[in-house]
Every structure is written in structure tokens, then in C-alpha cells.
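Written out below as C-alpha cells is the structure these notes cover.
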Amino acid sequence: MSDKKYVLVNDVGTTILKAVVLDEQTNIVSEASEEISQIYPKPGWCEQDPNEIWNKSLATSKKALQKAGAENIAAMGLVTQRATIILWDQTTGKPIYNAVTWQDVRAAGFCQKINSRAAIKLFHGLGKTAEKTSLLIKPLRKRAGVKRLIQLSHFNFLPIQAGARINWIINNVPEAKEILQQGNLLFGTIDTWLLWKYTQGQVYATDYSNASSTGIFDPFALGWSKFIMNSFDMPKELKLPEIKQTSDNFGKTTAFGAPINITSVVADQQAALFGEACFSSGDVKCTNGTGTFIDINTGNTPIASSHGLTPLIAWKLNDKVTYMLEGFVQTTGSLVQWLKDLELIESPEESEDLAKSVEDTAGVYCVPALTGLGAPYWDPNARGTIIGLTRKAKKEHIVRAALESIGYSCNDIIEVMKKDTDFAISSIKADGGASKNDFILQFLADITNTKIERPKVLEMTALGAGCLAGLAVGYWKSTEDLLKNRKVDHIFMPEMEENTRKALCSQWKRAIERSYNWATERSPRTS
């Protein structure tokens, strides 16, 4: 083991930025956090200030290091929100626009236009484009014809893909094309931006987990996808970062005085999968944060989904690639915040008490499509719905329905995950801030009919990044060492009768259907 005592992690989430210091037993020795300002120029748009993210990364790290000391840090890891993009000028180091986050849907119309164009290309030019579209064709060629491939929801280009937002920035920011023509326009996700800043522009890189999350990377061919980038009209002059292993040498930083080796760069959900010790095929984790992300380790074989899930790279470690499938629910933890904004609850903790104070929802269902529906429905035009209201319904029933919607949404993903992978899912490891809520996890166990494990440490993104960073310098020798450190706080076992579960899920499907395509149906008041 390294003679240094600790590992430092920058954990840049969607709403909160943290710096965490871990010891050899993966205990949190010290931490500091700051909120990240959210910028909403228009409905459906969501931006952040790249310089604020950098300055707060520095500030929180310095605060966390006051106890540990920079000279005692064996390694540093960066774990960040995924698919949020930044374009900056290589010569000045200045961003040309705000970071456009993964939640932003400004490019939805553009995506709809190119979807039909891409489908036509695939249908009429299969022989020529087969290699370029390996993202879909290679794993499915024996199971589906070309017409079926065109119908697959995964083939649809979505606003969450980086290419759509890159296209918007280049075509709407005046100086973008001039910097592009000079060969100085850099593209990166949050990790690439922070790595560039920490190394004073010496390292321009990302890792496989972050690259695969951009939607412009082919996880089957293990490289940037020319087919996808061309579909988004991404210019060839735009520079793309080097892709390195998730646990690797990413250079040194002297930002804290004593030099510190940066040895891990990883996307947040992949970091949580690693932190939950989901090292084997079929292992599943559920991270309940701003949104909920459900990921399954699919081993060294990439699997394409025919049910709206996303194939990604979990990590590349010791020259071996581990793959995963993911489904995400856009609004879960933020749904609890919405309840607070409406003054239905005073705190997130109160939501649990209110939900438990009634036996059921009195027939009320809440579809949390406040920013559209994610997997497996993928309807950006869906909107939040509360349905089944009667005079019997009270505040407590609405709050309970909102919390139950998290479980229903997760169950939708688990159901199709089983179909895509043929894995028998016997347990789910739950983490993230909303997993503190016992009601949410018990309902999740009931509605999925699956054992739910909650670890003692819920900061799985930071833990995963720290473990990957420590492995690179021998702070831990192997994943077996990490398994020994994993501690379970509570296990939730399913208690619901099967007939009840089926009836509830059937009604939930009806409620989901009511939310479809709402944003495109204009009434006289909104037109």
C-alpha cells in the first residue's frame, strides 16, 4: 500500500459539488460541499457556469484537505455528472458558452428532424453503413431485420446526446465558428474541463465511462462514432479528448501545494456501480439522486437494448472493458424537492412520515414526468400528471403517490432489463440521497419483488471514484480488498402480495399513458 494516508475525490453532481477524503477502510475522513447554480434561460433549457464549477471544486477540496493535508494524499479521483458539455478556446482557456447540462432539451426539435433522416440512411444503405452503425447492428443482426432495427427506440437520437447540444452551440454562439476554423475549439464533459484546469492545460483527456455517456461514442467499436457525429453535423475541426482507462495516469496537479497524482476519471453512475461493488455480471445498483439511475453489469459483452435502455461502458480497468445497461428516471429526488416547493412538505424527511401516515394513495397516481419521460418510454413531450383524485384524497395521499412513483418508474426499468439481458435479478443495491427514505426503498422492494440493500455509506459516486483512484497507486491491491470494506446498513425484503402488485402496476401503466405527448397538444390557453 502507498505510504500516503488518504484519497481525495472531487464529486461534481448535477446540483451539489463535493470534495471527499477517504481512508483505507473507505471511511469519509472529511468533506465539503457547495451548491451548483442552475441557469434556466428558457423553459426546458438548463445551463451551469464552467468557471463556477472549477472555482468551487478548488474551494471545497481545499476545505476538505484542511484536516487531511495535501501531502498525505495518495491519489485523486474526479467523478462528474455525465453528458453535460463545455466548449472552450484552447488558446485562452475560456469557455465560449455556459455548460449545457444533460437535462437540457433545447435540441429536441433538431433530434426529431435527424431521426427520420438517419433511419432512411440505415434502411437504404445498410451495406455501406453497417460498420458505422455497430452500436446497433452487430449485436442484433441475427435477431432482427433492418426494418426492425429502424424501429428500435435506442436508434432514436435524443437531446441528452452531446452532439445535439454541440450543434446548437456552434450554430448559435457568434465566436464559435471562428475559433473552430482556427483549430482551437475544444469539446469536453465536466471531467475533461476539470482535468484541463487542474493540470493547467497539460492534459486533455476523458475516460471510457464518460466518453460512452456522451451519445457520440460507439461502445461496441470503442471509439468516437463518425456516423453519429456526422448525423449531428458535428464539424471535423472540433477537437475531441483522448480516451484513457478509468483508472490511469491523468497527470499531476499542484493546485493544493504538494503535487497530487490524478489517477481516476469516471462518470458518476459508473462510479456508483463500482462503489457498490457490482463487479460481477448481473449485479444491479439503483442510485436515487436528482434522478434515478439503474445500472446492471453485463460483463465483458456489450448488449444492445430493444427496450429503450442505453448500452454503456462501466469502466476500463487493467486493459479490460466492463459493460453495463442503464435506464434512468429523470425526476425522483427532484420530485421530493418539488413537493417542498409546493409547500406540501417542509423537508424531505417529512415526506416519509406523511407517506406512512396513510395506508394507500386513495387511488391517486403521480407520473413524475416534469421534464419528460426517460427509459423505457423516452417521451420528452410527456409531462407530470396527478390522476385519480377524489374528495377522499388529501395531502398525505398525494405525497405518498409521488414517492410511490419512484418505485413504479424503477420497476418499469427492471422489467425490461430482465428481458434485454436474461439475467435473474435477485437483489438491488440502492444508494444516493433519496435512499435515506425507508418508505421509498420498502416500496421499491415490494413493487419489484426484489431484495433491496442499502449500504452504510450512501456517497457511492465519491466512493467508487476514490476506489478506482486508489487501485491505480496500490492504495488497495484488488477489488477483493474493496469487497471486504463494503458495509450494509439495512435490507428491505418484499412484503406485498403478488395480486396486489400486479393490480397496482396495471393502474400505473394507465396513468403513464395519460402523460404521453402532453407538451405537443396545445390548448387555446397555451397556443
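Could you please let me know if THR301 is surrounded by fewer than 24 Cβ atoms within 10 Å (Cβ to Cβ), without any contact (Cβ under 8 Å) to a residue 24 or more places away in the chain and either polar (S, T, N, Q) or within 23 Å of PRO455 (Cβ to Cβ) (or both)? In short, yes. Taking each residue of segment 453-469 that is surrounded by fewer than 24 Cβ atoms within 10 Å (Cβ to Cβ) and looking for partners that are in a loop (DSSP other than H, G, I, E, B) with beta-carbon atoms closer than 6 Å, six or more apart or interchain, yields LYS456/LYS487.
Please go through segment 244-261 and give me each residue that is hydrophobic (A, V, I, L, M, F, W, C), in contact with a Leu (Cβ under 9 Å, 6 or more places away or on another chain) and surrounded by fewer than 20 Cβ atoms within 10 Å (Cβ to Cβ), ordered by number. Scanning segment 244-261 gives ALA255, PHE256. When residues in segment 49-82 are screened for being assigned to a helix (DSSP H, G or I) and on the phi > 0 side of the Ramachandran plot, 0 of them pass. Here VAL473 qualifies as of a type in the set (Val, Ile, Thr) and closer than 30 Å to THR263 by Cβ. Of the candidates ILE86, ILE169, the single residue that is at pLDDT 95 or above, buried (at least 17 other Cβ atoms within 10 Å of the Cβ), assigned to a helix (DSSP H, G or I) and touching a strand residue (DSSP E or B) at 6+ places or on another chain (Cβ under 7 Å) is ILE169.
Applying the criterion of being acidic (Asp, Glu) and surrounded by fewer than 15 Cβ atoms within 10 Å (Cβ to Cβ) to the residues of segment 28-78, the residue that is farthest from PRO95 (Cα to Cα) is GLU71.
Figure legend. Inter-residue proximity from segment 51-62: first residues closer than 18 Å to ILE39 by Cα and touching a residue at least 12 places away in the same chain (Cβ under 8 Å), second residues among the hydrophobic types (A, V, I, L, M, F, W, C) and assigned to a helix (DSSP H, G or I), beta-carbon distance below 7 Å, spacing 6+ or different chains. Indicated pairs: ILE53/ILE190; TRP54/LEU194.
Would you check if there is a residue in segment 174-182 being in contact with a helix residue (DSSP H, G or I) (Cβ under 7 Å, 6 or more places away or on another chain), assigned to a helix (DSSP H, G or I) and charged (D, E, K, R)? Yes.
Screening ALA221 on (1) buried (at least 22 other Cβ atoms within 10 Å of the Cβ); (2) more than 15 Å from the chain's Cα centre (by Cα); (3) modelled with pLDDT under 95; (4) under 19 Å from ALA314 (Cβ atoms) shows it passes everything except condition (1).
When segment 3-14 is limited to residues that are at pLDDT below 95 and either surrounded by fewer than 16 Cβ atoms within 10 Å (Cβ to Cβ) or closer than 16 Å to ALA465 by Cα (or both), the one that is nearest to the chain's Cα centre (by Cα) turns out to be GLY13. Of all residues in segment 83-110, those that are at positive phi and of a type in the set (S, T, N, Q) total 0. For ASP422, the conditions (1) surrounded by fewer than 21 Cβ atoms within 10 Å (Cβ to Cβ); (2) acidic (Asp, Glu); (3) under 26 Å from SER347 (Cα atoms) are fulfilled apart from (3).
The values are calculated or read from the model by the stated rules, or taken from the named source; none is laboratory data. Computed from a predicted structure; not experimentally measured. Don't worry about glycine lacking a Cβ; one is built from the backbone with ideal geometry, like all the others, and counts go over all protein chains shown.
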